[in-house]
Amino acid sequence: MPAISSLRSQRLSELRPDIGKQYVAFRLRLAWFILPIESIYRVIPLEKHIPKITFLGQNVPIVDLGKILFGSTKGKVDNIPQLVVNGAIVASKPSLIIVHNQNEDLIGILSNSQPALQRVSQDQIVSLPPTYSQRWKADFISSMTLPTEGLPSLFVIDGDRLISSTVKQKKKPQLLEK
């Protein structure tokens with residue numbers, strides 16, 4: 001009996017539409033990015049200053065990915081596409097997103113918006129076009145979603161790759177030190 005019910009559940013799961021995977025969406029300067037929800041350790045709303053974060057006695061590096069990817073380019077808020085989740089526009093309030101990898105290493109990412117849960121199905125995700133790969137030269141962004149009506153492109157960040165590349169480099173200009 002268990003073999004039949006297992007087979008039946010497999011067949012039924014093939015008939016169900018892809019409901020998608022949960023991601024956390026946030027804005028970095030001119031574009032929207034997503035991280036799998038499993039890689040998020042904590043989100044801290046920012047007021048006026050960036051806090052110093054420690055975990056198990058170790059300082060958590062904080063990265064300004066917007067500056068790394070876009071340089072000192074500042075876009076007008078009017079030109080940035082809005083992200084609407086469940087009928088509400090995601091607020092442009094800065095946040096610090098703490099990301100962890102499988103080894104429990106942590107890194108902080110400065111965000112220009114409040115993070116929002118976003119469900120994305122695997123068939124919406126495509127490989128990153130060469131123009132973005134060449135411009136950003138970042139191996140931790142390898143895929144994206146195509147824009148649709150009401151939803152801008154979302155660039156997928158691989159948290160494990162981001163943390164490993166940041167831990168390897170340890171460059172002071174890219175990290176914010178307090």
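Rule-based calculations on the coordinates, nothing more; no lab input. Keep in mind that this is a model prediction, so the values were computed, not measured. Positions of Cβ are backbone-derived with ideal geometry, glycine not excepted, and every protein chain shown enters the neighbour counts.
Check cross-link reach from residue 21 to the aspartates and glutamates: straight Cα distance under 12 Å, and skip same-chain residues fewer than eight apart.
Excluding near neighbours in sequence, the set is 38, 123.
Could you tell me the distance between the Cα centroids of the range 121-145 and the range 22-48, to the nearest Å?
Distance between centres, Cα-based: 17 Å.
If I model a spin label at residue 114 and residue 167 as a point 7 Å from the Cα along the Cα→Cβ vector, what separation in nanometres do I get?
3.3 nm
So if R0 is 25 Å, what FRET efficiency would residue 133 and residue 43 give, r being the distance between their Cβ atoms, rounded to the nearest 0.05?
For R0 = 25 Å, the calculated efficiency reads 0.35.
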